[in-house]
Amino acid sequence: MNRDAAGWVIGPRDAITDVPGIRVGHWTDRRRATGCTAILCETATAAAADVRGGAPGTRETDVLNPANVVRRCHAIVFAGGSAFGLAAANGVMRFLSERNIGFETTVGTVPIVSSAIIFDLGVGDPRAFPTDDDGYTAAARARGGQVAQGSVGAGTGASVAKILGTDGRWKGGIGTASVAGPRGIIVGALAVTNAVGNIVDPDSGALVAGPRADGRMIPLPEVLDRRAAGMETLVANPAENTTLVVVATNAALAHHELQRIAYQAHDGLARTIVPCHTLADGDVSFAVATGALAPEPGDALVAGAMTVRAVERAILNSVRLAKPLGGVPALTRS
């Protein structure tokens, strides 16, 4: 039984795929620095979403609202390419439709594919974005087991620590993690980190990735002082950052409980990204329950606490495992 530095039990793969029924596939274009990631959850019993950033780009999130009918999805797609990248969801819909997977209607099935995008046009080719066919490829590659992390899929062109502009940024990416709890509850998270803010280790408070200047990383108090002094600006267009996260659990949570999990996922963002949920970010969380574990009172509370930890670790992995790309350096040099 492996535990992390804070004593949490780590799942066998330390990935969102530790939740049975969850599969992940990537499509990556490293030359043009973009990509997409398909998270297939065809057997999910419920799904929820929570949008907190000031500049989001999303599709099929309203259908997951507790006041609406469907309240579940068959896949979630994360993509680069800004709003252009939402087209990748069409390919995932096509992949699922060919397999007769979707919401049952009187005339056939309609796959529900929720999606969200990051702005990665400032890394690599600004005219590059995932297409319908690229989304299809990501879905066809979806598997259980180990999940590729770092500068792959939707995290290919991601970057972080841009509060003093893009010159001092670091490479972001995609990361995953899982936590195993009592009674066999498992919570897994997958995050794409493309934040304007600094990345910090919530256990120690140490700065993991901050703006580069004067041969060092600048901590947030000094960053704010520099901005106030007019020495730096935020970004040319503030709506060019976003962190996306999906949380999955095998707990049989009711939809209103799962909605709370989506809320709590943002606690993991706020503990690792500082500042978070700004007008310069489009932060979105999704939560999926597979319902494989028989429910007991208190499961939502336990799963919520596990969610925060899984998201924290997924975000840290997304940055620590990223590779240099498009002239943006990474914490890992090779």
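Every read-out reported here was derived from the displayed coordinates using simple, explicitly stated rules and does not represent laboratory data. It should be emphasised that the depicted structure is a prediction, and the values quoted were computed from it without experimental measurement. Here the Cβ positions follow ideal geometry from the backbone for every residue, glycine too, while neighbour counts run over all protein chains shown.
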Checklist line | Net charge of Cβ neighbours under 12 Å - reference Arg141; Lys, Arg +1; Asp, Glu -1 | finding: +1
Notebook entry, point to check: Under a point spin-label approximation (7 Å from Cα along Cα-to-Cβ), what is the Asp214-Arg31 distance to one decimal in nm?
Noted result: 4.2 nm
Next item on the list: Calculate for the chain the 222 nm mean residue ellipticity that helices alone would give, adding -39,500 (n - 2.57) per DSSP H run of length 4 or more and normalising by residue count, nearest 500 deg cm²/dmol.
Entry: -6500 deg cm²/dmol
Check: Taking the mean number of other Cβ atoms within 10 Å as a proxy for protection, how do you rank 305-311, 62-68, 101-107, 129-135 from highest to lowest?
Finding: 305-311, 129-135, 62-68, 101-107
Note to self: Would you report the distance distribution of C-alpha pairs in the chain as whole percents per 10 angstrom bin, up to the bin with the largest distance?
What the structure shows: 7, 29, 36, 21, 6, 1, 0
Check: Quick one: net charge of Arg72's neighbours, Cβ under 15 Å, K/R +1, D/E -1?
Finding: -4
Notebook entry, point to check: Which helices of the chain meet both criteria: a Cα extent of 30 Å or more along the helical axis and a mean Kyte-Doolittle score no lower than 0.5, with helices taken as whole DSSP H segments?
Noted result: 299-320
Notebook entry, point to check: Ranked from highest to lowest mean number of other Cβ atoms within 10 Å per residue, what is the order of the peptides 44-55, 75-86, 149-160, 290-301?
Noted result: 149-160, 75-86, 44-55, 290-301
Note to self: Give me the net charge for the shell around Arg169: Cβ to Cβ below 10 angstrom, other residues only, Lys and Arg +1, Asp and Glu -1.
What the structure shows: +2
Note to self: Between the stretch 191-208 and the stretch 60-102, how far is it from one alpha carbon centroid to the other, in angstrom?
What the structure shows: 28 Å
Notebook entry, point to check: Highest mean first, what order results for 274-286, 113-125 on Cβ atoms within 10 Å?
Noted result: 113-125, 274-286
Notebook entry, point to check: Based on the Cβ-Cβ distance of Glu222 and Arg3, what FRET efficiency does E = 1/(1 + (r/R0)^6) give at R0 = 30 Å, to the nearest 0.05?
Noted result: 0.30
